[in-house]
1. Among the residues of region 331-349, is there at least one that is part of a helix (DSSP H, G or I), of a type in the set (A, V, I, L, M) and surrounded by fewer than 17 Cβ atoms within 10 Å (Cβ to Cβ)?
2. Given the options Ala147, Ala168, name the one that is surrounded by 24 or more Cβ atoms within 10 Å (Cβ to Cβ), closer than 23 Å to Tyr50 by Cβ and out of contact with any Asp or Glu (no Cβ under 9 Å at 6 or more places or on another chain).
3. Do we find that Ala104 is surrounded by fewer than 24 Cβ atoms within 10 Å (Cβ to Cβ) and out of contact with any Phe, Trp or Tyr (no Cβ under 9 Å at 6 or more places or on another chain) in this structure?
4. Being of a type in the set (A, V, I, L, M, F, W, C) and either touching a residue at least 40 places away in the same chain (Cβ under 8 Å) or in contact with a Gly (Cβ under 6 Å, 6 or more places away or on another chain) (or both) narrows it down to one of Ala366, Ala311, Ala332, Ala316, so name that one.
5. Quick check: is even one residue across region 372-382 more than 27 Å from Thr181 (Cβ to Cβ), of a type in the set (Phe, Trp, Tyr) and in contact with a Pro (Cβ under 9 Å, 6 or more places away or on another chain)?
6. Return the residue satisfying two criteria in turn: it lies in region 179-228 and is crowded, with 20+ Cβ neighbours inside 10 Å and among the β-branched types (Val, Ile, Thr), and of such residues it is farthest from Phe163 (Cα to Cα).
7. Six or more apart or on different chains, Cβ under 7 Å: which pairs go from a residue in region 152-163 that's part of a loop (DSSP other than H, G, I, E, B) to one that's among the β-branched types (Val, Ile, Thr)? Could you list them?
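Nothing in this text is a laboratory measurement; each read-out follows from the coordinates by a stated rule. Only a predicted model underlies this, so the values are computations on that prediction, with no experimental measurement involved. FYI the Cβ positions are ideal-geometry reconstructions off the backbone, even for glycines, and counts take in every protein chain you see.
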Amino acid sequence: MKFDVASLKLTSILKSAFSIPNDLYFDSAQLARSRGYGASTHHVTTKDGYIIALHRLLPPPNSSRGPPARTAGAVLMMSSPFGSSSDFIINEPHQSLGYLLVDAGYDVWLGNFRGSRYGLNHTRLNDDDPRFWRYSFDEIAQFDLPAQVNFVLERTGEAKIFFFCYSASTMAFFMSGTPKTSFMNKIRLAVTFAPIGDCRHPTKYIRTSARLMLIIQDVAEKVTRGPLYRGSDLLSSVLYALCHGGSPFRRICVFVVTSLMGGTNKGYYGKNGFPYALASVLSGMSVKALAHFAQQAFTPRLRMYDYGSPAANRAAYGFPTPPHYNMSDVTAPVVVCSAPNDSLMSLQDQQMLMQDLPYFVKRILAPQKDYGHLDLVYAKNAKEVIYNEIIELMKNY
């Protein structure tokens, strides 16, 4: 309670000192409404008890298109488990994929993950309980994705939906093909942005970043007892203070974040756009999930969480090493959208991914040579560079 009061006071001080705009603190529904669109918030409970918020985008109130049921189909958009549903609507309506899909006639749903600012509730656990944070990408793939896919299907009455995923959520998507929890037969078309799959040819950068993540894991486990970080108004305020256009630390912010997160093109960030993106990206994550993500750099195939010893793995799985996931289980049609300068997955592994996917449709490679991992969702020119082609392709499905 004392921390909450102190957090509110410090947020207020920073907001005043740096003239932070109110919309930095908007949730996804508020952000959509501020851009002239409608939005509603819904909640889904996973089979293991996590309560996650989804946001449904609606046409602008003055739109002549009619109610959202009269659409070209339903789309569920999943950003990275490190981020939030705001990622797809953070830019202006003519630049953000979420709004562009609404304008094209789609019923757009923005999903989230456990541990994010939209996934901090549970039927039995409080988010200050270490047990709340004992999840990896295995649970995200097994519970979070199927629950939200099924929810959207039930609410829309559609037989199948379009499924969009970005960065680490593509890894969860590839893991979710396991027959026991698979929803692949419910997907009209999966569009993967900056996908992360089997890591057979890790670059020096990938291995170095993964080692850094594992060091962070060791420290965070001792300090936080579960969460790597929590998305909050205070964190958003600090990021704005450090990284806004006039900050002397802006160059450092851009260098550190883009180096860790796969790069971005030189012309992307406007004067204050960077802290808005950071506030969305850094929405909340468990230490265990970070470790699981980093572990993939040291194994040639996606596999379940490694508990660190043959005995611990045998206790969890019945085997001395974690079981692998099979790309052959990903039986939905898949589009791969990639960036030439993405440093989180080697070009060789991108090529192998396309060969391994049983229903690979096509690759859409951003023609701008300096496009990086972040650009596919956050770049202000992404509509012209990649989104127009995606929306045109969707008409065939």
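1. First, pick out the residues of region 331-349 that are part of a helix (DSSP H, G or I): 347-349.
Cutting the leftovers down to of a type in the set (A, V, I, L, M) gives us 347.
Narrowing further to those that are surrounded by fewer than 17 Cβ atoms within 10 Å (Cβ to Cβ): 347.
Yes, region 331-349 contains at least one residue that is part of a helix (DSSP H, G or I), of a type in the set (A, V, I, L, M) and surrounded by fewer than 17 Cβ atoms within 10 Å (Cβ to Cβ).
2. Working: Ala147 fails: surrounded by 24 or more Cβ atoms within 10 Å (Cβ to Cβ).
It is Ala168.
3. On the way: surrounded by fewer than 24 Cβ atoms within 10 Å (Cβ to Cβ): yes; out of contact with any Phe, Trp or Tyr (no Cβ under 9 Å at 6 or more places or on another chain): yes.
So Ala104 passes the test.
4. Values: Ala366 fails: either touching a residue at least 40 places away in the same chain (Cβ under 8 Å) or in contact with a Gly (Cβ under 6 Å, 6 or more places away or on another chain) (or both); Ala311 fails: either touching a residue at least 40 places away in the same chain (Cβ under 8 Å) or in contact with a Gly (Cβ under 6 Å, 6 or more places away or on another chain) (or both); Ala316 fails: either touching a residue at least 40 places away in the same chain (Cβ under 8 Å) or in contact with a Gly (Cβ under 6 Å, 6 or more places away or on another chain) (or both).
Of Ala366, Ala311, Ala332, Ala316, the one residue that is of a type in the set (A, V, I, L, M, F, W, C) and either touching a residue at least 40 places away in the same chain (Cβ under 8 Å) or in contact with a Gly (Cβ under 6 Å, 6 or more places away or on another chain) (or both) is Ala332.
5. Checked region 372-382: no residue is more than 27 Å from Thr181 (Cβ to Cβ), of a type in the set (Phe, Trp, Tyr) and in contact with a Pro (Cβ under 9 Å, 6 or more places away or on another chain).
6. Applying the filter and picking the extreme gives Ile206.
7. Pairs found: Lys160/Ile187.
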